[in-house]
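Colleague: Okay, handing you the structure first.
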Amino acid sequence: MESREIREKFISFFEKKGHKIIPSSSLLPQDDPTTLFTGSGMQPLLPYFLGKKHPLGSRLVNSQKSFRAEDIEEVGDNRHTTFFEMLGNWSLGDYFKVEQIRWLFEFLIEEIKLDPKKLYVTVFSGDGDHNIPRDAESAAIWARLFEERGIEPKEVDLITEENGGELGMGEGRIFYYGVKKNWWSRKGAPIAMPAGEPGGPDSEVFYDFGREHNPEYGRNCHPNCGCGRFIEIGNSVFMEYVKEEEGSFKSLPQKNVDFGGGLERITAAANDNKNIFEIDTLRPLISEIKKLSEKGEGDKSIQIVADHLRSVAFLIADGALPSNIGQGYVARRLIRRAIRHSDV
C-alpha cells in the first residue's frame, strides 16, 4: 500500500465521521514566535483548543507537513526522520476518548488492514505531584477493543525508562507510562508547563515489527524501547487540562482530541517494512544515492543524506532559504550534515 493511498483513506475515513478537511499549513509558522517550524498538525490550531470557534466546526482532519530537529541524532535508524507528514484528526469540544480510540482502531484494522495482534498501546499512569489521575478510562476502552478481537488485553503497570528493561513485555498489551512518555503539552511534563498552557494524557499505538531485541537498550524489550522492534504509529492526545498560576491543574472548558500519526510510519507498518526508508516516498531517493556510493542496504549515512535532502527541499519550498540565522540556519545545517555523511 502506497503512502498516497493511506493518506486518502485516512482523510476519507474521518470525513465520513463528520470531519471537515483543512489544508496543510506552511512549515514556517505564522504568528507563533515560540517555535521555528511547524512540528505537528495541532500547532496552528492552538487557539481553538482554548475555546475559540473554528470556522469549519468542531471536527477537523488533514495531513500536515511537519519538521522536527529534536531527534536529529536518531535520524538514520529505522523510524526517525526530520521531515514527515502527520495525519491528524481533531475534536474541539466534541467527541472524546471512546469515539477517538474506537475510530482509530477501526481505521488501522479495517482500512489499513493491520494485524491487531501486532498492535500494542500505552496510556498515562498519572502524576501524583500534580493530582492528575491515571488514565484508566483509555485503558478500559482499549481492553474492550482487543477483547472483541479475541486478544488478551493484559495490562503492565508503571513502565518507566528506568524499569522498562527490567519489567519487559510481561505478555502485556496495554502499558502504563509516566509523564515522560504519555503526557503531552508543548512544553513537556506538567512541572515544565507555564501557567495557561493546555495539556493532557495521551495514548500511543505501537506496531511490532518482530525484530530481535538489542540488549544494548535494556535487558528486556517493551513498546518504548529504543531497539527498533516497536514503532509508534499514532498518538491520541486528550487535551483536557490547563495549568493554573499557582501550579495546579484544572479542567479545560472543553475537552479536546488531538491525534497525530506519522504517514511514513503507518505506511511502513502497512507493508511490514521494518525500515521506513523502504517505503514508496523514500525508496527512490535511497536508490539514487546508492548508485552514487559504495554503501550497502540499510546504511545509516545513506538514510541520513536522503532524509536531509528531502527536508531541505520542503524547507526551501516554504521559504527557508539557507542562511546563517533562524530557519535558514537549520536548512544550512542539514545541507552541511548531508555533505559530511556523503563523505564517510
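The values are calculated or read from the model by the stated rules, or taken from the named source; none is laboratory data. Keep in mind that this is a model prediction, so the values were computed, not measured. When we count neighbours, we look across all protein chains shown, and the Cβ atoms used for this are built from the backbone with ideal geometry, even at glycine. Side chains are part of the model used for accessible areas, which takes the heavy atoms of the whole protein and leaves out ligands, DNA and RNA. Shrake-Rupley method; radii C 1.70, N 1.55, O 1.52, S 1.80 Å.
Colleague: Does SER58 fit the bill of being small (Gly, Ala, Ser) and more than 21 Å from VAL205 (Cβ to Cβ)?
Modeller: Judged against the criteria, SER58 is a match.
Colleague: A further question on this structure: All but one of (1) in contact with a Phe, Trp or Tyr (Cβ under 7 Å, 6 or more places away or on another chain); (2) over 22 Å from VAL330 (Cβ atoms) hold for LEU27; state the number of the condition that does not hold.
Modeller: Here LEU27 clears every test but (2).
Colleague: Quick check on my filter: what residues within the stretch 233-268 are touching a helix residue (DSSP H, G or I) at 6+ places or on another chain (Cβ under 8 Å) and among the aliphatic types (A, V, I, L, M)?
Modeller: Result: ILE233, MET239, LEU252, VAL257, LEU263, ILE266, ALA268.
Colleague: Out of PHE37, PHE83, PHE49, report the one residue that is touching a residue at least 40 places away in the same chain (Cβ under 8 Å), in contact with a Lys or Arg (Cβ under 9 Å, 6 or more places away or on another chain) and more than 22 Å from ASP280 (Cα to Cα).
Modeller: None of the other options fit; the residue is PHE37.
Colleague: Can we say GLY41 is in contact with a strand residue (DSSP E or B) (Cβ under 7 Å, 6 or more places away or on another chain), open to solvent by 10 Å² or more (accessible area, probe 1.4 Å), in a loop (DSSP other than H, G, I, E, B) and at pLDDT below 95?
Modeller: No.
Colleague: Moving on. Can you name the residue in the stretch 55-86 that is outside any loop (DSSP other than H, G, I, E, B), of a type in the set (D, E, K, R) and touching a helix residue (DSSP H, G or I) at 6+ places or on another chain (Cβ under 9 Å) and is also surrounded by the most Cβ atoms within 10 Å (Cβ to Cβ) among such residues?
Modeller: Within the stretch 55-86, the match that is surrounded by the most Cβ atoms within 10 Å (Cβ to Cβ) is GLU85.
Colleague: Any idea how many residues of the stretch 87-129 are open to solvent by less than 30 Å² (accessible area, probe 1.4 Å) and farther than 18 Å from ALA143 by Cα?
Modeller: Qualifying residue count, the stretch 87-129: 10.
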